[in-house]
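J.: Mind looking over this structure? Questions follow.
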Amino acid sequence: MDLDLGAVRAFVAVMEDGYFSEAAAGLGISQQAVSKRIAILEKDLGVRLFTRTARGVQLTVDGQAFLPHARELLRVEARAVTSVRPGSRALRVDVLNLRIGPAALVRDFHRAHPETELDVVTLADCDVDAAIDAVRSGTIDATFRAVPVPAGRLPEGISTARVLDDPHQLLTGPGHRLAGARSVAPAQLAGHRIWIPGIVPGTEWATYYDDLAAAFGLTIEAIGPNFGTDHLLDVVADSSTLTSLVGELTRLVWPAHYDLRRIPVRDPTPVYPHSLIWRRDNPHPGLAALRMYIRSRMFRRHEAKTWVPRWAARHASP
């Protein structure tokens, strides 16, 4: 049986208002139309829902049994419509990790625009192509990724803008030979073990680290299980040989006795080129607000003495 939600809505309205005429006025249709919808609903259900009296209408026993389900049907309908209506549902934004620079950017946006409901997701195991497909299909409204393709090769209707260059820092424990350095050059890291667990082969960030290692003769290891950031901090803090690379904007917290060091990498400074990717025809007002917020901010773009892969998408306005 296919129930007509318009008829269900008419049934609930008549029950709440007590009269067909008042229900019709509230629904913006004629009294005849309300009567017709109720008749169709009663025919589909095979029962009488109302009895008419001089004081209006009363629910039959079957009407009383159907009423809570009718209300729930209308609530489900309202939730279904809200879930896809721009401005009524949350803005869905993808970031690789909740600790890194783009996540901090989205948090700042939320503080500036608390009226915009956000749903922040992490499609961490998919590459940029899969993330773009998620944007194109509407699974997410926007994603922050390094874009290794020219803008002209993006799918039709997809836009991208490089919005945040995050400089690298070297993370060491207190016993590492470089722990006391005020800054290090990429060339100085040759021969040192740099551990970045969790790199997924075939993703844009795996390609980035491969190119970074090749450009400066670095040894970047992704061996061993990835038990998360806390485990990485614990291992690096106790090691005199292992280091890691983290973004300057990456939020890290550790116990004071770890005595970890975050050392700027300079001359040149490798920067991770985060881009915003979105659908041009996406009408969600939260997306427009996010793009405007990004344009209004003076984000760091380390143009002088920096290194990025040649494939990184160029700067553009979001």
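J.: If we only count strands (runs of 3 or more DSSP E) wholly inside the range 235-301, which ones have 1 or more residues that are surrounded by fewer than 17 Cβ atoms within 10 Å (Cβ to Cβ)?
T.: Output list reads 261-264.
J.: A follow-up question, please. Spot the failing condition for LEU41; the list is (1) within 18 Å of MET15 (Cα to Cα); (2) aliphatic (A, V, I, L, M); (3) not in a helix (DSSP H, G or I), and only one is missed.
T.: (3)
J.: Could you go through the range 124-133 and let me know if any residue there is of a type in the set (Asp, Glu), within 16 Å of the chain's Cα centre (by Cα) and under 19 Å from ALA213 (Cβ atoms).
T.: yes
J.: Something else about it: Being of a type outside the set (A, V, I, L, M), in a loop (DSSP other than H, G, I, E, B), under 26 Å from the mean Cα position of the chain (by Cα) and not assigned by TED's automatic domain parsing to the domain that holds GLY180: is that true of PRO318 here?
T.: The answer is yes for PRO318.
J.: Which one is modelled with the highest pLDDT, of the residues in the range 212-223 that are in a loop (DSSP other than H, G, I, E, B) and surrounded by fewer than 12 Cβ atoms within 10 Å (Cβ to Cβ)?
T.: Checking each candidate, the answer is GLY217.
J.: Next up: Out of the residues in the range 138-169 that are in a strand (DSSP E or B) and among the β-branched types (Val, Ile, Thr), which is nearest to ARG295 (Cα to Cα)?
T.: Here the answer is VAL163.
J.: Follow-up question, since we're still on this one. Search the range 100-150 for residues being among the acidic types (Asp, Glu) and either crowded, with 21+ Cβ neighbours inside 10 Å or in contact with a Leu (Cβ under 8 Å, 6 or more places away or on another chain) (or both), and hand back the single one that is farthest from HIS284 (Cα to Cα).
T.: Across the range 100-150, the extreme among qualifying residues is ASP119.
J.: Restricting the first residue to the range 71-88 and requiring it to be at pLDDT below 85, which pairs with a second residue that is part of a loop (DSSP other than H, G, I, E, B) and of a type in the set (Ser, Thr, Tyr) meet a Cβ separation below 8 Å and a spacing of at least six or different chains?
T.: Once the first residue is at pLDDT below 85 and sits in the range 71-88, its partners that are part of a loop (DSSP other than H, G, I, E, B) and of a type in the set (Ser, Thr, Tyr) give VAL81/SER88; THR82/SER88.
The values are calculated or read from the model by the stated rules, or taken from the named source; none is laboratory data. From a predicted model like this one, the values you see are computed outputs, not experimental measurements. Every residue, glycine as well, gets a Cβ built from its backbone with ideal geometry; the counts of neighbours run over all protein chains shown.
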